[in-house]
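Have a look at the structure below, then the notes.
The values are calculated or read from the model by the stated rules, or taken from the named source; none is laboratory data. Note that the structure is a prediction, hence the values are computed from the model and not measured. Positions of Cβ are backbone-derived with ideal geometry, glycine not excepted, and every protein chain shown enters the neighbour counts.
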Amino acid sequence: MRQKSGFWRAVPLILAALSLARPSMFPTLSFGDQEFTPSDLAKRSAKAAGVLASIGIAEGDTFAVMLRNSPTLIEIMLAARQIGAYLVSLNWHYKAQEAGYILRDSAAKALVIHGDLLSQIQAGIPDDMPLLEVEPDAANLQQRQSTPSRTIDWYAHLAKTKPLTTTSDQPRGMIAYTSGTTGQPKGVRRILPRPEDRPAAAGRLACMYQTGLGITPDGRCLISAPLYHSAPTSYVMFASQCGAWLRVEPRFDAETTLGAIERYKISRAYLVPTMLVRMLRLPPEVRARYDLSSLQFVAVTGAPCAPNIKRATIDWLGDVIYEAYASSELGYLTSISSKEARAKPGSAGRPIEGVTIRILDDQCRDVPVGTIGKIYARQTLALDFTYINRQQDRDAIEHEGFLTVGDIGYVDADGYLYVTDRRSDLVVSGGVNIYPAEIEAQLMAMTGVADCAVFGIPNPEFGQSLVAVIQKSGNVTLTPDSVQAFLSKRLANFKIPDVIEFRDTLPREETGKIFKRKLRDEYTADSNS
């Protein structure tokens, strides 16, 4: 099932603007009250590359960042491309255990981090890992002075470092970490094409990103999502490769976003469904204050967009909403325009050019049209990938050249895909993937917890919110507050369940496995009653 779309018509414009095999293009970057020209960014990223090279980061190496949205983060992302290094971006909500696992698993050779974030992951950082501290936190001054060989003031080092003058022929890109039903994060690392295949491979990637993100060289682009996610990172890097004008916000605020669209005459924007919800919740008179007529393409991805939210946004903004279904492993697979969404509410669209979708049952047999099964895709635009140190997991998701990330759905008679479950246990809250198994593993380490089940329930703002149902053990007194306090020391705050319930027993299947769907259905029924 393959869509023959018209997006290839945009390819000549894109290819003409891109130096596809080399990272030589730069955007015009707007941040706060500053604007950096492409020439400015070229110089600043070369200096950042010089700093990384000075601590031993070379082509093919991996390093990590834990940085909020900022020009410094953009410069480092561009510097990684110049060096040809892999970049791992840590969620700035992570705690020591979460960050430490990824730092070790990815074999990162250094970490660049905002100073005030250092204390929350300090215990998880490998002892021999160099730390480059951006805006050092005064509270960490004593610690920083006690380990001068390990901790480096980024800006001080930047001031005395010469720019790197060499450029890799093969940019590596970001290693995105994504979990499975085991809750163990897996690093998605792209397999590089052969030198003779690089221009064609880069051209295919450009086509995929243009379809999913809508960026063109003449676009005025806006992004306020945190850049530790793979899709926002892709947005920034593709805008850079296009030489587009790019406005990056430090964080999302609904009315600030409307003001930015009007002030900067934004034509292209990246928004996740939760952002749309918050914008729609602004009073009508507030929304009416802003001229949003410059918008041409709003890329909506990262989580399923509820049909009523999408329709309300289209009614407000016009036919500028384009939703895409994607994953870190497979890239962009389907897209749907506003016009199509009216006719096919709830659909994730049809496969983009170069993508074929199959729906298979548990025995890997094709199912009839309209029948729910596991979604498999063959993607010819994105580079192939491996899971770092987890080749067996990579092999397990492939069947006859088609790959699945475990999402469930069906295809209708017109070839439109409907995603009915984003992996069996995956919770998508505010555009962030949350894997209950990771939370359950932490709960099982808590005294007084005999067993537990964590799952998502509908939430009108975030898409889903977390529920934990706990079977207690012994005479230990547990309360929702004590459980949340326990988890908050081990997990990012967005992984802490909003609702915590205690039961003497949990429903189980004949195999003894917790019947999580029954629990989820109870809460869903309660919310609908």
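Quick one: which strands (runs of 3 or more DSSP E) sit completely within the range 35-144 and have at least 2 residues that are closer than 19 Å to residue 189 by Cβ?
Qualifying strands (runs of 3 or more DSSP E): 62-66, 86-89.
Looking only at the range 185-195, how many residues end up being touching a residue at least 60 places away in the same chain (Cβ under 8 Å) and either farther than 20 Å from residue 78 by Cβ or in a helix (DSSP H, G or I) (or both)?
Result for the range 185-195: 6.
Being touching a residue at least 60 places away in the same chain (Cβ under 8 Å), of a type outside the set (Phe, Trp, Tyr) and surrounded by fewer than 17 Cβ atoms within 10 Å (Cβ to Cβ) is true for just one of 318, 415. Which residue is that?
Only one candidate passes the filter, namely 415.
Suppose we keep only residues that are out of contact with any Pro (no Cβ under 8 Å at 6 or more places or on another chain) and not in a loop (DSSP other than H, G, I, E, B) within the range 466-475. Which one would you say is farthest from residue 514 (Cα to Cα)?
For the range 466-475, the residue satisfying everything is 472.
Here is a list: 353, 398. Which entry is over 22 Å from residue 172 (Cβ atoms) and touching a helix residue (DSSP H, G or I) at 6+ places or on another chain (Cβ under 7 Å)?
Working: 398 fails: touching a helix residue (DSSP H, G or I) at 6+ places or on another chain (Cβ under 7 Å).
None of the others qualify; the one that does is 353.
Just wondering, is there one or more residues in the range 316-331 that are hydrophobic (A, V, I, L, M, F, W, C), outside any strand (DSSP E or B) and more than 24 Å from the chain's Cα centre (by Cα)?
The first filter runs over the range 316-331 and keeps only residues hydrophobic (A, V, I, L, M, F, W, C), leaving 316-317, 320-321, 324, 326, 330.
Keeping just the survivors that are outside any strand (DSSP E or B) gives 316-317, 320, 330.
Now restrict to residues that are more than 24 Å from the chain's Cα centre (by Cα): 316-317.
There is at least one residue in the range 316-331 that is hydrophobic (A, V, I, L, M, F, W, C), outside any strand (DSSP E or B) and more than 24 Å from the chain's Cα centre (by Cα).
Report every pair of residues separated by at least 6 positions or lying on different chains whose Cβ atoms are under 6 Å apart, first residue within the range 143-171 and outside the structural domain of residue 52 (by TED's automatic domain parsing), second of a type in the set (S, T, N, Q) and modelled with pLDDT under 95.
Pairs found: none.
Which members of the range 476-505 meet the condition of being over 27 Å from residue 185 (Cα atoms) and either of a type in the set (Val, Ile, Thr) or assigned to a loop (DSSP other than H, G, I, E, B) (or both)?
476, 477, 478, 479, 504, 505
Can you find a residue that is buried (at least 20 other Cβ atoms within 10 Å of the Cβ), in contact with a strand residue (DSSP E or B) (Cβ under 8 Å, 6 or more places away or on another chain) and at pLDDT below 90 anywhere in the range 177-193?
yes
Report, ordered by the first and then the second residue, all pairs with beta carbons closer than 6 Å, sequence separation of six or more or different chains, a first member in the range 32-47 that is farther than 24 Å from residue 257 by Cβ, and a second member that is at pLDDT below 95 and surrounded by 12 or more Cβ atoms within 10 Å (Cβ to Cβ).
The qualifying pairs are 38/26; 42/26.
Out of the residues in the range 366-388 meeting the condition of being closer than 19 Å to residue 420 by Cα and in a loop (DSSP other than H, G, I, E, B), tell me which one is modelled with the lowest pLDDT.
Residue satisfying both the conditions and the ranking: 372.
For the range 24-47, which residues satisfy the criterion of being over 16 Å from residue 235 (Cβ atoms), buried (at least 18 other Cβ atoms within 10 Å of the Cβ) and of a type in the set (Ser, Thr, Tyr)?
Answer for the range 24-47, where residues must be over 16 Å from residue 235 (Cβ atoms), buried (at least 18 other Cβ atoms within 10 Å of the Cβ) and of a type in the set (Ser, Thr, Tyr): just 45.
What are the pairs, 6+ residues apart or on separate chains, where a residue within the range 327-349 that is within 23 Å of residue 434 (Cα to Cα) has its Cβ under 7 Å from a residue that is of a type in the set (Phe, Trp, Tyr)?
That search, which allows pairs on different chains as well, returns 329/385; 333/325; 334/325; 346/418; 347/416; 347/418; 348/325; 348/418.
Could you list, in sequence order, all residues of the range 331-345 that are in contact with a Leu (Cβ under 9 Å, 6 or more places away or on another chain) and either at positive phi or surrounded by fewer than 24 Cβ atoms within 10 Å (Cβ to Cβ) (or both)?
The answer is 331, 338.
Across the range 80-105, what is the number of residues that are farther than 23 Å from residue 163 by Cβ, in contact with a helix residue (DSSP H, G or I) (Cβ under 8 Å, 6 or more places away or on another chain) and among the β-branched types (Val, Ile, Thr)?
Residues flagged as farther than 23 Å from residue 163 by Cβ, in contact with a helix residue (DSSP H, G or I) (Cβ under 8 Å, 6 or more places away or on another chain) and among the β-branched types (Val, Ile, Thr) within the range 80-105 amount to 1.
Can you tell me which of 388, 352, 375 is among the β-branched types (Val, Ile, Thr), buried (at least 19 other Cβ atoms within 10 Å of the Cβ), more than 26 Å from residue 214 (Cα to Cα) and touching a residue at least 40 places away in the same chain (Cβ under 8 Å)?
388
In the range 332-353, how many are among the acidic types (Asp, Glu) and not in a helix (DSSP H, G or I)?
Restricting attention to the range 332-353, the residues satisfying the condition of being among the acidic types (Asp, Glu) are 340, 353.
Checking the rest, the ones that are also not in a helix (DSSP H, G or I) come to 353.
So the count comes out to 1.
Report, ordered by the first and then the second residue, all pairs with beta carbons closer than 7 Å, sequence separation of six or more or different chains, a first member in the range 111-140 that is assigned by TED's automatic domain parsing to the domain that holds residue 93 and touching a residue at least 12 places away in the same chain (Cβ under 8 Å), and a second member that is outside any helix (DSSP H, G or I) and aromatic (Phe, Trp, Tyr).
Once the first residue is assigned by TED's automatic domain parsing to the domain that holds residue 93 and touching a residue at least 12 places away in the same chain (Cβ under 8 Å) and sits in the range 111-140, its partners that are outside any helix (DSSP H, G or I) and aromatic (Phe, Trp, Tyr) give 117/92; 121/94.
For the range 405-435, enumerate the residues that are at pLDDT 95 or above and under 20 Å from residue 381 (Cβ atoms).
Matches in the range 405-435: 411, 415, 416, 417.
Do any helices (runs of 4 or more DSSP H) lying entirely in the range 196-282 carry at least 1 residues that are touching a residue at least 40 places away in the same chain (Cβ under 8 Å) and of a type in the set (S, T, N, Q), and which ones are they?
Filter on the range 196-282 gives 198-213, 230-242, 273-280.
Within the range 521-529, is there a residue that is under 29 Å from residue 336 (Cα atoms) and outside any helix (DSSP H, G or I)?
Within the range 521-529 (the criterion being under 29 Å from residue 336 (Cα atoms) and outside any helix (DSSP H, G or I)), the answer is no, since none of the residues qualifies.
Test residue 427 against the stated conditions and say whether it is of a type in the set (Val, Ile, Thr) and within 23 Å of residue 91 (Cα to Cα).
It is true that residue 427 is of a type in the set (Val, Ile, Thr) and within 23 Å of residue 91 (Cα to Cα).
Select, from 233, 216, 211, the only residue that is under 17 Å from the mean Cα position of the chain (by Cα) and of a type in the set (Ser, Thr, Tyr).
Going through 233, 216, 211 in turn, just one is under 17 Å from the mean Cα position of the chain (by Cα) and of a type in the set (Ser, Thr, Tyr): 233.
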